[in-house]
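Asks: The structure under discussion is supplied below as C-alpha cells; questions concerning it will follow.
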Amino acid sequence: MAELKGKNAIVTGAAVGLGVAYARALAAAGVNVAVCDLRDEVLTLAEELRATGVQSVAWQGDVSDPDHVREVVDGTVNAFGSIDILVNNAGVWGASIPEDNLDKSLDDYDKIVGTNLKGEYLFGRAVIPILIDQGQGGDIVNIATDHMVTCGTPWHRCPNLDKCPWGDSPRPTGGGDIMDLYDVSKWALNGLLYAWAKALAPHRIRVNQFCMGATDSFMLRGFHNFDPPQEEIDTWMKAEDNARVLIELLEEGPEGRNAQNINFCIGRPVALEEPLEQIYIFPDHVQIGGAS
Ligand SMILES: NC(=O)c1ccc[n+]([C@@H]2O[C@H](COP(=O)([O-])OP(=O)(O)OC[C@H]3O[C@@H](n4cnc5c(N)ncnc54)[C@H](O)[C@@H]3O)[C@@H](O)[C@H]2O)c1
C-alpha cells in the first residue's frame, strides 16, 4: 500500500460537491492539497484544510483559462515543491439539444466543453511534464460520467461479460437526449485516459477515470431545480463515500490498476472493485492494472 502522507495534490472544482469531498479526504490522509474553482468557497476551503495540519493553497479561476492553469500548477510547485496527484474534477452540466440555435450552441460549447474537456486537457498538459521530470511516478484521476461506462461495450464484443458487475441491468444509457455536449465532453475524456495511460505507464504515472452516477452535489441538486424529492435523494450516492474510494485507488500505488474506467452507479456499493481487463489494445510493455 502506498503511503499518501506528505504527498502533494491538485483538486480542480473543489469548492462544492465531489471536489470538496476529494480535497477533504486527501487532507485527512495527510496529503497537501492545492484547490481551485470558479467559486470563492474554495478560498475558505484552503483555510479549513490548513487547520487540519496539511499545507493547502487555493486559487479562484476558470480551468478553461490557460493562464489560470499555469498559475495553479506553478503556484502548487512553488508552495509544495512537487506534485504527485492530479484530480481533474471541475465539471459543469447544461442542457443542450441538437436544434439549439448557433449562438446558444457556441456559448454552451465554450462553457461545457471548455470546462469538462479543455480544463482536464490543460491541467494534464501542465502537470504531466512536471510528473515526468520528478521521476517519482504519480496519479491522474479524471472525473467522467457513468453515461458511457456501465460500460458501453456491445454485449457480443465484451471480454469482461462473465465478470460484469452489472449483470443484465442496468445497461449504460449512452447519455441523454438533452445533453449532447455534456456527453461529448465526458466521452472525449476516454481519449485522454487511454492515450495518457499508455504514454505515461513507463514513467510509473497511472491514469484512471471515475465514471460517476448520481451523487449528491450542487450539480445534481441543480439538475432537479434544487428541489429534489427526499425519496430521490435517498437513492443518490454520497460524495464522501466516493472520496474514500479515491484514497483507496491512490493507495494502490504505481503497481495498481491503470487506464481504468471505474464506474459508480446508484444501487451498487461505492467501492473499488477488481479492475476489469482492458477492452483496447495496450503495448506489451505497459502493465495495465494487473491485466498486462
Ligand atoms: N454529481 C453527479 O451525480 C455527477 C454525475 C456524473 C458526473 N459528475 C462529474 O463529477 C464532477 C464533479 O461534479 P459535482 O457533481 O460535484 O458538481 P458540482 O457542481 O457540485 O461541483 C463542480 C465544481 O466545479 C466547479 N467548476 C465548474 N466549472 C468550472 C470551471 N470552468 N473552472 C473551475 N471550476 C469550475 C464548480 O464551481 C463547482 O464547485 C464533474 O466533473 C461532473 O461532471 C457528477
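The values are calculated or read from the model by the stated rules, or taken from the named source; none is laboratory data. Nothing here was measured: the structure is a model prediction, and the numbers come from that model. In this analysis, Cβ positions are derived from the backbone assuming ideal geometry, glycine residues included, and neighbour counts consider all displayed protein chains.
Asks: Given the criteria closer than 18 Å to Lys186 by Cβ and either surrounded by 20 or more Cβ atoms within 10 Å (Cβ to Cβ) or within 15 Å of the chain's Cα centre (by Cα) (or both), does Lys118 qualify?
Replies: So Lys118 fits the description; yes.
Asks: Let me ask something else. Could you go through the stretch 61-69 and let me know if any residue there is closer than 28 Å to Trp187 by Cβ, in contact with a Lys or Arg (Cβ under 6 Å, 6 or more places away or on another chain) and part of a loop (DSSP other than H, G, I, E, B). Let's see the steps before the verdict.
Replies: Taking the stretch 61-69 first, the residues closer than 28 Å to Trp187 by Cβ are 61-69.
Still in the list and also in contact with a Lys or Arg (Cβ under 6 Å, 6 or more places away or on another chain): 64.
When the remaining residues are screened for being part of a loop (DSSP other than H, G, I, E, B), the result is 64.
Scanning the stretch 61-69 turns up at least one residue that is closer than 28 Å to Trp187 by Cβ, in contact with a Lys or Arg (Cβ under 6 Å, 6 or more places away or on another chain) and part of a loop (DSSP other than H, G, I, E, B).
Asks: Taking Leu49 as the residue in question, decide whether it is under 22 Å from Gly253 (Cβ atoms) and either at pLDDT 95 or above or of a type in the set (Phe, Trp, Tyr) (or both).
Replies: It is false that Leu49 is under 22 Å from Gly253 (Cβ atoms) and either at pLDDT 95 or above or of a type in the set (Phe, Trp, Tyr) (or both).
Asks: Would you be able to say whether some residue in the stretch 34-50 is part of a loop (DSSP other than H, G, I, E, B), touching a Lys or Arg at 6+ places or on another chain (Cβ under 8 Å) and of a type outside the set (A, V, I, L, M, F, W, C)? Don't jump to the end; show me each part of the working.
Replies: Taking the stretch 34-50 as the starting set, the residues that turn out to be part of a loop (DSSP other than H, G, I, E, B) are 38-40.
Next, only the ones that are touching a Lys or Arg at 6+ places or on another chain (Cβ under 8 Å) stay: none.
For the stretch 34-50, residues part of a loop (DSSP other than H, G, I, E, B), touching a Lys or Arg at 6+ places or on another chain (Cβ under 8 Å) and of a type outside the set (A, V, I, L, M, F, W, C): absent.
Asks: Restricting attention to the stretch 54-70, and to residues there that are free of Cβ contacts under 8 Å to residues at least 24 places away in the same chain and out of contact with any Gly (no Cβ under 7 Å at 6 or more places or on another chain), which single residue is nearest to the ligand (Cβ to nearest atom)?
Replies: Asp65
Asks: While we're here: Test Ala259 against the criterion of being closer than 27 Å to Lys198 by Cα and touching a helix residue (DSSP H, G or I) at 6+ places or on another chain (Cβ under 7 Å), and give yes or no.
Replies: It is true that Ala259 is closer than 27 Å to Lys198 by Cα and touching a helix residue (DSSP H, G or I) at 6+ places or on another chain (Cβ under 7 Å).
Asks: Would you mention how many residues in the stretch 1-24 are within 23 Å of Asn78 (Cα to Cα) and near the ligand (Cβ under 8 Å from one of its atoms)? Reasoning before the result, please.
Replies: In the first step, residues of the stretch 1-24 are kept if they are within 23 Å of Asn78 (Cα to Cα); the result is 3-15, 19-20, 22-24.
So of that shortlist, the ones also near the ligand (Cβ under 8 Å from one of its atoms) come out as 12-15, 19-20.
Total meeting the criteria: 6.
Asks: Moving on. For the stretch 79-110, name all the residues that are hydrophobic (A, V, I, L, M, F, W, C), away from the ligand (no atom under 13 Å from the Cβ) and assigned to a loop (DSSP other than H, G, I, E, B).
Replies: Within the stretch 79-110, Ile83, Ala95, Ile97 meet the criteria.
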